[in-house]
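Visitor: First, the structure itself, so that you have it in front of you.
The values are calculated or read from the model by the stated rules, or taken from the named source; none is laboratory data. These figures come from a predicted structure and were not determined experimentally. For neighbour counting, all protein chains shown are included, and Cβ atoms are generated from backbone atoms with ideal geometry for every residue, glycine included.
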Amino acid sequence: MYTILYVDDESELLALGKIFLEQSGQFQVDIITSAPAALAQMNSKNYDAIISDYQMADMDGIEFLKTVRSSGNIIPFILFTGRGREEVVIEAINSGVDSYIQKGGEPEAQFAELAHKLRQAIQKHHADAGIRDLERRQADIINFLPDATFAIDTNGVVIAWNRAMEEITGVAASYILGKGNYEYAISGYHERQPILIDLVLNEDHAQLAKYPLLKRSGRTLIMETNVPFLHNGRGATIWSTATPLYDTKGIVTGAIQSIRDITEQKEVEEALRGSEEKFKTLFENAGDAILIMDHEVFLDCNKKTETIFGFTKDRIIGNSPTIFSPERQPDGRLSSEKAKEIIEAAFSGEPQFFEWSHVRYDSTPFYAEVSLNRVIVQGTTYLQVIIRDITTRKRAEAAAILARKKLDMMDEVTRHEIKNIITGLIGSVDMAYSLPAGGQREILNREIKNLTLKIQREIDFTEEFQKIGINPPEWQRVQQLIPSHRTLQIGIAPEIAPLEVYADPLLARIFLYLTQNVARHGVHATEIEIRVHPNHNSMAIIFEDNGIGIPGGMKEAIFTRKEGDRKGMGLFLVREILAITGITITENGEPGRGARFEIVVPSGSFRT
């Protein structure tokens, strides 16, 4: 039930409005005869919306509205008045009114319109609040990233500046946000000039020539350089990456740059070249895993290496890097082939810095940043390998992407789909009021109920979608996730018993949903068979029934969330949950002979 504050100096109209609005059971209305008294009342009680007359003795409706808005209160505010002059309407809109209704005409129709405007304004207010919360969470994720990170729009205006940037530059976000003209370069270079982030948006060849060590990965630029005036003039050697920002249509809207101070790492490398004793001290106490290798195997490692990999030193020494890697990297290439190329390039004198997928002793995958540098000790050439576990950062980045996706989905549902349903709902209600009691009005009432239920389903979907990715992935034994069913016989192959999958904790709900889906839509389905099929670099879990199957033209469509079609909503969520850890799902059964879902788990995300 919504709580409404209704302000008007006509007591009879207040009483009539209170009776009409409250008879629906949706509103509880407090009435009051002056705006100053209403402002005092708002200090002691919270309301969902305000209705106000325009012309009142102590304070008119516009002044009342301005006072409310000046306090920062964005509560829905509806002006309900007999004054219909254009200048009044314009001033009300400019002052932040949510809706304007002119008095006059048949009271029942007027109050019906008022009730609709109230519901519409309150629902929009709640939806906008949800979007603002998501935007704040997304901003918080960027703000707490460990690397210094900032972003600009296509005009070079700063739109994000996190706490780590404040620390490394000494420039507060409150000062620099909204500024352009290369303001972000001044703290590091003491002059306005294009830097890495600008080269993402404008490939100036003259500027590119200044950075001989610049590397590309698609549209992402990666660079290691010295910035002379960071840290209040001390300067720093940084590793930096910059990449474009895109909107939901794939259009570039700006760029984002992350900066990592690697001065300490570089000093470590210098110490290694200068003194063996210093090398051993730094080597054993470094915060990152450090290893020494020849062309093929590891020769030495520090304590942090044992911690990161979960292996003892004697299990690491003498082994190839590929022993601690999945069969293939995320780009699909064999780890052995890719590692060989990188090692050869490092031995040729070209420093290497890249991300790599590793596995720990218990087979848990993790992401790392790896640097390879050639070092010469007593005339012999080795590789120094520095490994930093960036799993937490990767999860934060994935969370930022997921937050953006959730924000876009919420925007689609609230601003587009629910808005369309509300438009239909308002039209149906207006038509219903114009009809006498009877058959046609009953038909419209049922349509109104159906539209309301559609809004509820949209809200339920957004609630389910928000749960995805909240908790980190974990190892889960598949057999323990498979539900039983009172009408379906579920056959589980023996190979399923030892299988564990590294996935979102919502994985259990996937098997429950697939089972329920068979019961609901399989028509004559009586059996489900679950088995596994190993591939050269993945493991396929087959979920197959003996129902009617999926028509050929619907095999991909069932995983999409189409406007007006909710049949695929469950499978849409299934695919999103699996995608968090790189797992895919497709349907490749034969129509008429049952559905066959194939869940493909990549190397490193399953163990037996």
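Visitor: Could you check region 186-267 for strands (runs of 3 or more DSSP E) lying wholly inside it with 2 or more residues that are over 21 Å from Ser371 (Cα atoms)?
Guide: 236-246, 252-261
Visitor: Quick check on my filter: what residues within region 473-503 are in a loop (DSSP other than H, G, I, E, B) and closer than 17 Å to Ala540 by Cα?
Guide: Matches in region 473-503: Ile482, Ala493, Ala497, Pro498, Leu499.
Visitor: Can you give me the number of residues within region 578-593 that are touching an Asp or Glu at 6+ places or on another chain (Cβ under 7 Å) and either more than 18 Å from Glu556 (Cβ to Cβ) or basic (Lys, Arg) (or both)?
Guide: Of the residues in region 578-593, 2 are touching an Asp or Glu at 6+ places or on another chain (Cβ under 7 Å) and either more than 18 Å from Glu556 (Cβ to Cβ) or basic (Lys, Arg) (or both).
Visitor: Within region 541-548, is there a residue that is outside any strand (DSSP E or B), over 32 Å from the mean Cα position of the chain (by Cα) and not aliphatic (A, V, I, L, M)?
Guide: Among the residues of region 541-548, at least one is outside any strand (DSSP E or B), over 32 Å from the mean Cα position of the chain (by Cα) and not aliphatic (A, V, I, L, M), which makes the answer yes.
Visitor: Can you name the residue in region 14-29 that is among the aliphatic types (A, V, I, L, M) and touching a residue at least 60 places away in the same chain (Cβ under 8 Å) and is also farthest from Lys117 (Cα to Cα) among such residues?
Guide: Among those that are among the aliphatic types (A, V, I, L, M) and touching a residue at least 60 places away in the same chain (Cβ under 8 Å), it is Leu16.
Visitor: Here is a further query. Please enumerate the residues belonging to region 93-112 that are without any contact (Cβ under 8 Å) to a residue 60 or more places away in the chain, over 37 Å from the mean Cα position of the chain (by Cα) and part of a helix (DSSP H, G or I).
Guide: Result: Gln110, single match.
Visitor: Determine whether Ser258 is hydroxyl-bearing (Ser, Thr, Tyr) and either within 38 Å of the chain's Cα centre (by Cα) or under 13 Å from Ile386 (Cβ atoms) (or both).
Guide: On the way: hydroxyl-bearing (Ser, Thr, Tyr): yes; either within 38 Å of the chain's Cα centre (by Cα) or under 13 Å from Ile386 (Cβ atoms) (or both): yes.
Criteria met by Ser258.
Visitor: Based on what the data block shows, is Phe20 modelled with pLDDT of 90 or more and of a type in the set (Phe, Trp, Tyr)?
Guide: no
Visitor: Evaluate region 309-316: report whether one residue or more is in contact with a Cys (Cβ under 8 Å, 6 or more places away or on another chain) and within 29 Å of Glu341 (Cβ to Cβ).
Guide: Yes, because at least one residue in region 309-316 is in contact with a Cys (Cβ under 8 Å, 6 or more places away or on another chain) and within 29 Å of Glu341 (Cβ to Cβ).
Visitor: Could you say whether any residue in region 518-541 is surrounded by 21 or more Cβ atoms within 10 Å (Cβ to Cβ), out of contact with any Gly (no Cβ under 6 Å at 6 or more places or on another chain), touching a residue at least 40 places away in the same chain (Cβ under 8 Å) and of a type outside the set (A, V, I, L, M, F, W, C)?
Guide: The answer is no; no qualifying residue exists.
Visitor: Further, regarding this structure: Just to be sure, is Asp9 surrounded by fewer than 18 Cβ atoms within 10 Å (Cβ to Cβ), at pLDDT below 90 and more than 16 Å from Lys103 (Cα to Cα)?
Guide: On the way: surrounded by fewer than 18 Cβ atoms within 10 Å (Cβ to Cβ): yes; at pLDDT below 90: yes; more than 16 Å from Lys103 (Cα to Cα): no.
No; evaluated as a whole, the condition is false for this residue.
Visitor: Report, by residue number, each residue of region 355-394 that is among the basic types (Lys, Arg) and not in a strand (DSSP E or B).
Guide: If we filter region 355-394 for residues that are among the basic types (Lys, Arg), which is where we start, we get 360, 374, 388, 393-394.
Listed by number, the residues that qualify are Arg360, Arg393, Lys394.
Visitor: Output the qualifying pairs, or none if there are none: Cβ atoms under 6 angstrom, residues six or more apart or on different chains, first residue in region 479-497 and closer than 12 Å to Glu527 by Cα, second residue not in a helix (DSSP H, G or I).
Guide: Leu488/Ile528; Gln489/Glu527; Ile490/Ile528; Gly491/Glu529; Ile492/Ile530
Visitor: Report yes if Leu39 is modelled with pLDDT under 90, assigned by TED's automatic domain parsing to the domain that holds Gly72 and not acidic (Asp, Glu), otherwise no.
Guide: Criteria not met by Leu39.
Visitor: If you don't mind, another one. Inspect all residues belonging to region 53-70 and state whether any of them is surrounded by 17 or more Cβ atoms within 10 Å (Cβ to Cβ), within 22 Å of Leu425 (Cβ to Cβ) and not assigned by TED's automatic domain parsing to the domain that holds Asp430.
Guide: no
Visitor: Filter region 148-181 for residues that are within 18 Å of Pro244 (Cβ to Cβ) and in a loop (DSSP other than H, G, I, E, B) and give the result.
Guide: Thr154, Asn155, Gly156, Val157, Gly180
Visitor: Among the listed residues Leu199, Leu282, Leu221, which satisfies the condition of being touching a residue at least 12 places away in the same chain (Cβ under 8 Å), surrounded by 18 or more Cβ atoms within 10 Å (Cβ to Cβ), over 23 Å from Asn143 (Cβ atoms) and more than 33 Å from the chain's Cα centre (by Cα)?
Guide: Numbers: Leu199 fails: more than 33 Å from the chain's Cα centre (by Cα); Leu221 fails: more than 33 Å from the chain's Cα centre (by Cα).
Leu282 is the lone residue from the list that is touching a residue at least 12 places away in the same chain (Cβ under 8 Å), surrounded by 18 or more Cβ atoms within 10 Å (Cβ to Cβ), over 23 Å from Asn143 (Cβ atoms) and more than 33 Å from the chain's Cα centre (by Cα).
Visitor: Considering each residue of region 24-44, count those that are surrounded by fewer than 14 Cβ atoms within 10 Å (Cβ to Cβ) and hydrophobic (A, V, I, L, M, F, W, C), and give that number.
Guide: Summing the residues that are surrounded by fewer than 14 Cβ atoms within 10 Å (Cβ to Cβ) and hydrophobic (A, V, I, L, M, F, W, C) in region 24-44 gives 2.
Visitor: Identify, please: which residue in region 177-194 is under 19 Å from Gly254 (Cβ atoms) and in contact (Cβ under 8 Å) with a residue 24 or more places away in the chain and is, among those, surrounded by the fewest Cβ atoms within 10 Å (Cβ to Cβ)?
Guide: Asn181
Visitor: Here are the criteria: (1) at negative phi; (2) outside any helix (DSSP H, G or I). Tell me which single one Thr305 does not satisfy.
Guide: Result: Thr305 passes all but (2).
Visitor: Mind telling me which of the residues Arg561, Arg593 ends up being assigned by TED's automatic domain parsing to the domain that holds Leu507, of a type outside the set (Asp, Glu) and at pLDDT 85 or above?
Guide: Going through Arg561, Arg593 in turn, just one is assigned by TED's automatic domain parsing to the domain that holds Leu507, of a type outside the set (Asp, Glu) and at pLDDT 85 or above: Arg593.
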